[in-house]
Ligand SMILES: C[S@@+](CC[C@H](N)C(=O)[O-])C[C@H]1O[C@@H](n2cnc3c(N)ncnc32)[C@H](O)[C@@H]1O
């Protein structure tokens, strides 16, 4: 189970790495980007690797022993807290958003529609709310709203209604049960499973992804040195919109210069080798 780092060459180029610099990989995941950054650093360089998923950090910690790497279990919205005491600033921050293949493919984590595992979807398994809590206790209106806001789901009302009807007969426990409910609204499936958007919306809500991203971007700006680069890879329009607006406003306020106005997307070669990179968009800013 290996997560292939997305837009790897592009991120390394855009971070414009200084060999003695300090870099934050705010989303370590499978460690692919972390490794590549470390390989560009001298003995004096440092990478601070953050993830809200402790299992991911443990796995990377076991396979990547390097004294220039510090791994921290943290939400990236709090990354500036790491520097309160030392006052140090960093030369670059990478935020590669969303979930890793390692999380998606681990059936027990509850991200997959075919899984009989409990509806969980927490990136941080110490977090409080699970997808099951949302599906089984939130009001119809609230469920409808997240389906619409976080996934542009056209059948949001019908799916929310069906969920609420179904749970009157007993709890909706597994991923597969939920996927079947969505399927019953759509009746037939195309190339993409009809539950894809519902699962995306739930994942965003469970992990509070929109607010954490807004806070994470603000937090990154607090710790960047002048000329330090902020690289953000998003995977769906909800995330990308947040990043785009943040960069634009930070530029207007004179805090950041956008390096690319149009996001960088994967090459034809990468798309062929790693089709799950297809929706990736890289935006880059330089701290002023
Ligand atoms: C797409 S993966 C990163 C993959 C990584 N760049 C690699 O090369 O393997 C995203 C990772 O970010 C983590 N993550 C998502 N939101 C986070 C947040 N708010 N704070 C910290 N980590 C987060 C997830 O747990 C996941 O491991």
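Conditions: (1) within 16 Å of the ligand (Cβ to nearest atom); (2) out of contact with any strand residue (DSSP E or B) (no Cβ under 9 Å at 6 or more places or on another chain); (3) at pLDDT 95 or above. Residue 48 meets all but one. Number of the miss?
If we test residue 48 against (1) within 16 Å of the ligand (Cβ to nearest atom); (2) out of contact with any strand residue (DSSP E or B) (no Cβ under 9 Å at 6 or more places or on another chain); (3) at pLDDT 95 or above, just (2) comes out false.
Would you kindly identify the helices (runs of 4 or more DSSP H) lying entirely within region 191-288 that contain at least 1 residues that are more than 16 Å from the ligand (Cβ to nearest atom) and surrounded by fewer than 21 Cβ atoms within 10 Å (Cβ to Cβ)? Break it down into steps so the answer makes sense when it comes.
Details: elements: 196-206, 209-223, 237-252, 268-273.
Where helices (runs of 4 or more DSSP H) fall fully within region 191-288 and carry at least 1 residues being more than 16 Å from the ligand (Cβ to nearest atom) and surrounded by fewer than 21 Cβ atoms within 10 Å (Cβ to Cβ), they are 196-206, 237-252, 268-273.
Is it fair to say residue 88 is surrounded by 17 or more Cβ atoms within 10 Å (Cβ to Cβ) and farther than 22 Å from residue 31 by Cβ?
No; evaluated as a whole, the condition is false for this residue.
Would you mind finding the one in 61, 92, 98 that is under 15 Å from the mean Cα position of the chain (by Cα) and either in a helix (DSSP H, G or I) or within 15 Å of the ligand (Cβ to nearest atom) (or both)? Give the steps one after another, and end with the answer.
Details: 61 fails: under 15 Å from the mean Cα position of the chain (by Cα); 92 fails: under 15 Å from the mean Cα position of the chain (by Cα).
Of the residues listed, the single one that is under 15 Å from the mean Cα position of the chain (by Cα) and either in a helix (DSSP H, G or I) or within 15 Å of the ligand (Cβ to nearest atom) (or both) is 98.
Check off (1) in contact (Cβ under 8 Å) with a residue 12 or more places away in the chain; (2) farther than 17 Å from residue 284 by Cβ; (3) away from the ligand (no atom under 16 Å from the Cβ); (4) assigned by TED's automatic domain parsing to the domain that holds residue 97 for residue 184 and give me the number that stays unchecked.
The single condition residue 184 does not satisfy is (4).
Mind checking which pairs have a first residue in region 46-61 that is closer than 15 Å to residue 108 by Cβ and a second that is part of a helix (DSSP H, G or I) and near the ligand (Cβ under 9 Å from one of its atoms), Cβ under 7 Å, 6 or more apart or different chains?
From residues that are closer than 15 Å to residue 108 by Cβ, the pairs are 53/103; 56/102.
Restricting attention to region 1-16, report how many residues are surrounded by fewer than 21 Cβ atoms within 10 Å (Cβ to Cβ) and either over 20 Å from residue 60 (Cα atoms) or more than 12 Å from the ligand (Cβ to nearest atom) (or both).
Residues that pass the stated criteria total 4.
Out of (1) without any contact (Cβ under 8 Å) to a residue 60 or more places away in the chain; (2) more than 12 Å from the ligand (Cβ to nearest atom), the odd one out for residue 80 is which?
Result: residue 80 passes all but (1).
In this structure, is residue 69 in contact (Cβ under 8 Å) with a residue 24 or more places away in the chain and farther than 14 Å from residue 220 by Cα?
Values: in contact (Cβ under 8 Å) with a residue 24 or more places away in the chain: yes; farther than 14 Å from residue 220 by Cα: yes.
Spelling it out, residue 69 is indeed in contact (Cβ under 8 Å) with a residue 24 or more places away in the chain and farther than 14 Å from residue 220 by Cα.
The values are calculated or read from the model by the stated rules, or taken from the named source; none is laboratory data. This is a predicted model, so every value here is computed, not measured. FYI the Cβ positions are ideal-geometry reconstructions off the backbone, even for glycines, and counts take in every protein chain you see.
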